[in-house]
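Please read the structure below before turning to the comments.
The values are calculated or read from the model by the stated rules, or taken from the named source; none is laboratory data. Because the structure is a prediction, the values reported are computed rather than measured. In this analysis, Cβ positions are derived from the backbone assuming ideal geometry, glycine residues included, and neighbour counts consider all displayed protein chains. Side chains included, ligands, DNA and RNA excluded: accessible areas come from the protein's heavy atoms. Shrake-Rupley method; radii C 1.70, N 1.55, O 1.52, S 1.80 Å.
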Amino acid sequence: MNLLDELRTHRLLAIVRGPDPAAALTAVLTLAESGVALVEVSMTSADALGVIRRARTALGPDFALGAGTVLSAEDARAAADAGAGFLVTPAIAASLAEGGRLGLPVLAGALTPTEVVRATDGGATAIKLFPASLGGPDYLGALRDPFPGTAFVPVGGVDADGARRYLDRGATAVGVGSPLLGDAVRGGDTAALRERAAAFLAAVRP
């Protein structure tokens, strides 16, 4: 899977994180059915590996399904074994190098210019600008000046309106958790999840 192409094409990465494995799996499948083409399951979720494994079986080998909040090399290997096609980290961690060794693309967390350089030098496919809410779209715009060729994916506090602002300031895609998932990861209304997915897909449409 070419993660960079997927990010450029779809411009929305859904982040599933929750305490209920069955609800998390339902949320992943509902997002996919709603047209959300990039989904990560956070390793901080209950039975995250089981959710990834079952989602991979249901969605097939070509769906862009990844593991998020991957910090250790051990977790990177476990996520790959479960069927994750890419890794997402909140920071520069051992999982970045391990992802490269495994042949998996990594969306690596960074905030400062120094961290952006370190993540890029470490082999990151793209930069997860996290937490994006600290600087907002203007901060992303400032980072784009010294790093015009870097793919940035702001994550943290991104709502539908904010998604458009980040994209207008040069983001390749945006990553969205609770503003998109709502209570679906706790067994909430999947019809409401579909409505939110439609709103976000409209917001990121070129």
Based on what the data block shows, is Leu167 buried (at least 18 other Cβ atoms within 10 Å of the Cβ) and over 20 Å from Gly68 (Cβ atoms)? yes
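Can you say whether Arg77 is more than 30 Å from Ala199 (Cα to Cα) and of a type in the set (Lys, Arg), as far as the supplied structure shows? Write out each step before concluding.
Details: more than 30 Å from Ala199 (Cα to Cα): yes; of a type in the set (Lys, Arg): yes.
Yes.
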One residue from Leu13, Leu29, Leu25 being of a type outside the set (Asp, Glu), surrounded by fewer than 19 Cβ atoms within 10 Å (Cβ to Cβ) and closer than 19 Å to Ser178 by Cβ: Leu29
Thr125 among the hydroxyl-bearing types (Ser, Thr, Tyr) and either more than 18 Å from His10 (Cα to Cα) or open to solvent by less than 30 Å² (accessible area, probe 1.4 Å) (or both): no
Just wondering, is there one or more residues in region 120-134 that are charged (D, E, K, R) and either without any contact (Cβ under 8 Å) to a residue 40 or more places away in the chain or in contact with an Asp or Glu (Cβ under 9 Å, 6 or more places away or on another chain) (or both)? yes
Tally the residues that are buried (at least 24 other Cβ atoms within 10 Å of the Cβ) and assigned to a helix (DSSP H, G or I), restricting the search to region 152-164. 1
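Being aliphatic (A, V, I, L, M) and assigned to a strand (DSSP E or B), is that true of even one residue in region 129-150?
Here is the first cut: in region 129-150, the residues aliphatic (A, V, I, L, M) are 129, 132, 134, 140, 142-143.
If we keep only those that are assigned to a strand (DSSP E or B) as well, we get 129.
Yes.
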What are the residue pairs meeting all of these: first residue in region 158-181, first residue aromatic (Phe, Trp, Tyr), second residue modelled with pLDDT of 95 or more and part of a strand (DSSP E or B), Cβ atoms under 7 Å, and 6 or more apart or on different chains? Tyr166/Pro154; Tyr166/Val174
